1. Using the structure shown, decide if A:Phe28 is more than 8 Å from chain B (Cβ to nearest Cβ) and in a helix (DSSP H, G or I).
2. So, A:Ser253, is that one among the small types (Gly, Ala, Ser), outside the structural domain of A:Glu362 (by TED's automatic domain parsing) and modelled with pLDDT under 60 or not?
3. So which residues in segment A:69-85 are at the interface with another protein chain (Cβ under 7 Å from one of its Cβ atoms) and either farther than 30 Å from A:Leu110 by Cβ or touching a His at 6+ places or on another chain (Cβ under 8 Å) (or both)?
4. Only one residue in A:Ile187, A:Ile244 is more than 7 Å from chain B (Cβ to nearest Cβ), of a type outside the set (Phe, Trp, Tyr) and farther than 28 Å from A:Pro335 by Cβ. Which one?
5. May I ask you to list the residues in segment B:34-93 that are surrounded by fewer than 24 Cβ atoms within 10 Å (Cβ to Cβ) and aromatic (Phe, Trp, Tyr)?
6. Looking at A:Leu122, A:Leu160, A:Leu88, A:Leu110, which one is at pLDDT 85 or above and at the interface with chain B (Cβ under 9 Å from one of its Cβ atoms)?
7. Kindly indicate whether any position in segment A:274-297 is in contact with a Gly (Cβ under 7 Å, 6 or more places away or on another chain), at pLDDT below 60 and surrounded by fewer than 22 Cβ atoms within 10 Å (Cβ to Cβ).
8. Return the residues of segment A:322-337 that are surrounded by 20 or more Cβ atoms within 10 Å (Cβ to Cβ) and either out of contact with any Leu (no Cβ under 6 Å at 6 or more places or on another chain) or within 8 Å of chain B (Cβ to nearest Cβ) (or both); say none if nothing qualifies.
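The values are calculated or read from the model by the stated rules, or taken from the named source; none is laboratory data. Predicted model, so just to flag it, every value in this text is computed and none were measured. Neighbour counts are summed over all protein chains in view; Cβ atoms, including those assigned to glycine, are modelled from backbone coordinates with ideal geometry.
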Amino acid sequence: MLSNPASARKGNLVAAAGMTIAILGTIFLYRDAETGAYLHNYLWIFGGLIIGGVIGTLAARKVKMTAMPEMVSLFNGMGGACAALISLVEFNHLSHLIASMPEGESHAALRPTVLIIALGLLIGSVSFAGSMIAWGKLNGKIKDFSFAGQNILNLFMLALAIGLSAYLVMMPSSHVLIYAILGLSLIYGVFFVMPIGGADMPVVISLLNSFTGVAAACGGFLYDNKVMLTGGILVGAAGTLLTILMCKAMNRSLKNVLIGSFGGNTASGASANGGAQGHFKEISLSDAATIMSYSSKVMIVPGYGLAVAQAQHICHELEEILTGKGVTVKYAIHPVAGRMPGHMNVLLAEADVNYEKMLEMEQANDEFSSTDVVLILGANDVVNPAAKSDPASPIYGMPILDVELAKNVVVNKRSMKPGYAGIENDLFFRPKTSMLFGDAKKVLEDLCSEVKNI
Amino acid sequence: MESFLQWIYANQQVLYIVILMIFVGIEVIGRVPSVLHTPLMSGANAIHGVVIIGAIIVMGKAESDNYMALVLGFLAVILGMLNVVGGFVVTDRMLEMFKKKKQ
């Protein structure tokens, strides 16, 4: 059902209904395996459900479409924290059980359970801490932060946490140990996401998403609950694959994304060749409007700048005006444009753009040669020719939109500042390119009125 | 080690489900166009909210004098519910936008 935008919504509702049934079923039908007792503390359970439900609905309804990646990251963190908390409580329960065992009796039979608890705690808290940092970074509240030897320290912390977990499996009675694992995993989660650049955030969120899935599956093992297990593993597998797909779209390995911190080591290289790039040419609004309305095909390349300016609606308006003048207007969407895969599609869909007009990268690249004008709105790295020509560039090898095949390229940007990845873009200095400076929304509004007057 | 082998034996069926689900997961993603990757991610995000079931069980089993379990469990239920509800609502909002154009 998810393979088509139209039926996907139904699929989502079905999933939501399934979840409701699973929750209600657990509340009313669950029986303890040994004693056969029903659950109690209904007041607490329903209290929690209502509080969480109300806050969740309000937050999800209020959030702006541009802030969607943050929201997903935040909710993901909640799930991770939930899994970690379950592990904590279950361990507490288990250690009471062990303590009450007669002296000398082996608790070897409990070891797999302890292993699962430790895993759930480890993965859940890494996912929680990581998601919180990712949320802060997407919000712009937390800046990239890295220091020498961070990777080694990270690996050391991870190894230590895993080592402690292994020790815990053998000696499942130490309370100090479980809190040590909790603390280590939280710190690891923070340091793990800290140095990763904003351009790679989508990959990280997807990865953390699959982590939480695995943590949920651990819970499924713990309670021998098929629903949790199935859901968790499904998300874990799907999330991992999605992560890999995204890495492929950027032509980088997962290891490269996680270890090679993007912004830091590239800044020097970019500024070194920045001076020799010569002049760029500006275009006036009326000229831009003229060439667009007299061309037969216009391709719009949206980027995060469009999202920031909230210009998706006015962009659609321009599309309609141009279409009314007999111009074919299409959108070329790079898989990693924006801050999440498919982020641009969602934004344009919000503005009522027909999704059949949104071309994926390969389709768009086939059509650029027959395009008269390419209008780039706040996109930068996804059209940077350095990805094809300059092996020294940090984005070298990333597939890009070949906007240079078109007859004219008009770039709308707020300034000449480099894009999110911090790399100079050669495209802006090419003879075919003309720059149209200004906030995307303002520029598009002016373009609309200019085109109308022609 | 023996206890682990025993455990694997006892949970054979469950492990089969795990393997099956890995394949289903891969199959599902392979078919989704990149247009839908954002809703998909948030949909998957909602689905792993099933952890809430664990939270409910923890909560429901807690003795009424075990305050640590009660407080932590209560928190877990709230967080889990946030994940589930928020995830589904966000996904629905995104997909709704795709649908509007159809009519």
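1. Taking the combined requirement at face value, the residue satisfies it.
2. On the way: among the small types (Gly, Ala, Ser): yes; outside the structural domain of A:Glu362 (by TED's automatic domain parsing): yes; modelled with pLDDT under 60: no.
No, not satisfied.
3. Of everything in segment A:69-85, those that are at the interface with another protein chain (Cβ under 7 Å from one of its Cβ atoms) and either farther than 30 Å from A:Leu110 by Cβ or touching a His at 6+ places or on another chain (Cβ under 8 Å) (or both) turn out to be A:Met71, A:Val72, A:Phe75, A:Asn76, A:Gly79.
4. Every option except A:Ile187 fails the conditions.
5. Scanning segment B:34-93 gives B:Tyr67, B:Phe74.
6. On the way: A:Leu122 fails: at the interface with chain B (Cβ under 9 Å from one of its Cβ atoms); A:Leu160 fails: at the interface with chain B (Cβ under 9 Å from one of its Cβ atoms); A:Leu110 fails: at pLDDT 85 or above.
After ruling out the rest, the residue left standing is A:Leu88.
7. First, pick out the residues of segment A:274-297 that are in contact with a Gly (Cβ under 7 Å, 6 or more places away or on another chain): none.
No, every residue in segment A:274-297 fails to be in contact with a Gly (Cβ under 7 Å, 6 or more places away or on another chain), at pLDDT below 60 and surrounded by fewer than 22 Cβ atoms within 10 Å (Cβ to Cβ).
8. Scanning segment A:322-337 gives A:Leu322, A:Tyr331, A:Ile333, A:Pro335, A:Val336, A:Ala337.
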